[in-house]
């Protein structure tokens with residue numbers, strides 16, 4: 001069984017490769033903090049939560065579902081789109 005930390009590490013690697021700044025917290029509720037290198041004060045925290053049927057999902061700090069954990073590419077794109085809406089585009 002894959003742990004929450006393992007899911008988050010896969011997401012963190014994808015976000016890092018896409019140019020986002022990524023921080024990790026493994027104690028307590030594990031999460032990944034994502035921001036733009038150009039706007040580090042704007043970001044989001046992503047955690048793992050069981051969804052329907054026990055399928056783990058990445059969830060934003062607002063509690064909104066991002067993508068199922070098996071779809072890291074989609075999760076990376078969704079987090080990037082959310083941060084760009086907040087004005088934290090990598091090129092900003």
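The values are calculated or read from the model by the stated rules, or taken from the named source; none is laboratory data. For clarity, every value in this text was computed on a predicted model and none was experimentally measured. Note that each Cβ is placed from the backbone with ideal geometry, even for glycine, and that neighbours are counted across all protein chains shown.
With respect to residue 12, determine if the residue is under 10 Å from the mean Cα position of the chain (by Cα), in a helix (DSSP H, G or I) and touching a residue at least 12 places away in the same chain (Cβ under 8 Å). Give the steps one after another, and end with the answer.
On the way: under 10 Å from the mean Cα position of the chain (by Cα): yes; in a helix (DSSP H, G or I): yes; touching a residue at least 12 places away in the same chain (Cβ under 8 Å): yes.
Answer is yes for this residue.
Only one of these is part of a loop (DSSP other than H, G, I, E, B) and free of Cβ contacts under 8 Å to residues at least 60 places away in the same chain: 63, 23, 53. Name it.
Numbers: 23 fails: part of a loop (DSSP other than H, G, I, E, B); 53 fails: part of a loop (DSSP other than H, G, I, E, B).
Result of the check over 63, 23, 53: 63.
Can you tell me which of 39, 18 is in contact (Cβ under 8 Å) with a residue 12 or more places away in the chain and out of contact with any helix residue (DSSP H, G or I) (no Cβ under 8 Å at 6 or more places or on another chain)?
Testing whether each residue is in contact (Cβ under 8 Å) with a residue 12 or more places away in the chain and out of contact with any helix residue (DSSP H, G or I) (no Cβ under 8 Å at 6 or more places or on another chain) leaves just 39.
For residues that are in a loop (DSSP other than H, G, I, E, B) and under 24 Å from residue 38 (Cβ atoms), tally how many sit in the stretch 66-86.
If we filter the stretch 66-86 for residues that are in a loop (DSSP other than H, G, I, E, B), which is where we start, we get 69-71, 86.
Pick out the ones that are also under 24 Å from residue 38 (Cβ atoms) and you get 86.
Residues meeting the conditions: 1.
Go through the stretch 32-50 and report how many residues are more than 24 Å from residue 68 (Cβ to Cβ), assigned to a strand (DSSP E or B) and more than 14 Å from the chain's Cα centre (by Cα). Spell out how you get there, then give the answer.
Start the filter on the stretch 32-50 by keeping residues that are more than 24 Å from residue 68 (Cβ to Cβ), which leaves 36-42.
When the remaining residues are screened for being assigned to a strand (DSSP E or B), the result is 36, 39-42.
Retained after the next criterion (residues that are more than 14 Å from the chain's Cα centre (by Cα)): 39-41.
Qualifying residue count, the stretch 32-50: 3.
Scan the stretch 58-79 residue by residue and report those that are buried (at least 18 other Cβ atoms within 10 Å of the Cβ) and either in contact with a helix residue (DSSP H, G or I) (Cβ under 9 Å, 6 or more places away or on another chain) or on the phi > 0 side of the Ramachandran plot (or both). Full working, then the answer.
The initial filter retains those residues of the stretch 58-79 that are buried (at least 18 other Cβ atoms within 10 Å of the Cβ), namely 58-59, 66-67, 69, 72, 75-76, 78-79.
Of everything in the stretch 58-79, those that are buried (at least 18 other Cβ atoms within 10 Å of the Cβ) and either in contact with a helix residue (DSSP H, G or I) (Cβ under 9 Å, 6 or more places away or on another chain) or on the phi > 0 side of the Ramachandran plot (or both) turn out to be 58, 66, 67, 69, 72, 75, 76, 79.
Let me spell it out: the conditions are (1) over 12 Å from the mean Cα position of the chain (by Cα); (2) surrounded by 12 or more Cβ atoms within 10 Å (Cβ to Cβ), and residue 29 meets all of them except one. Which number is the exception?
(2)
Just one of 18, 39 is surrounded by 16 or more Cβ atoms within 10 Å (Cβ to Cβ) and closer than 22 Å to residue 87 by Cα; which is it?
Numbers: 18 fails: surrounded by 16 or more Cβ atoms within 10 Å (Cβ to Cβ).
Among 18, 39, only 39 is surrounded by 16 or more Cβ atoms within 10 Å (Cβ to Cβ) and closer than 22 Å to residue 87 by Cα.
Of the residues that make up the stretch 80-87, is at least one at pLDDT below 95, loosely packed, with under 13 Cβ neighbours inside 10 Å and at negative phi? Don't jump to the end; show me each part of the working.
The initial filter retains those residues of the stretch 80-87 that are at pLDDT below 95, namely 80-87.
Restricting the remaining residues to those that are loosely packed, with under 13 Cβ neighbours inside 10 Å gives 81, 85, 87.
Right, trim to at negative phi and you get 81, 85.
Yes.
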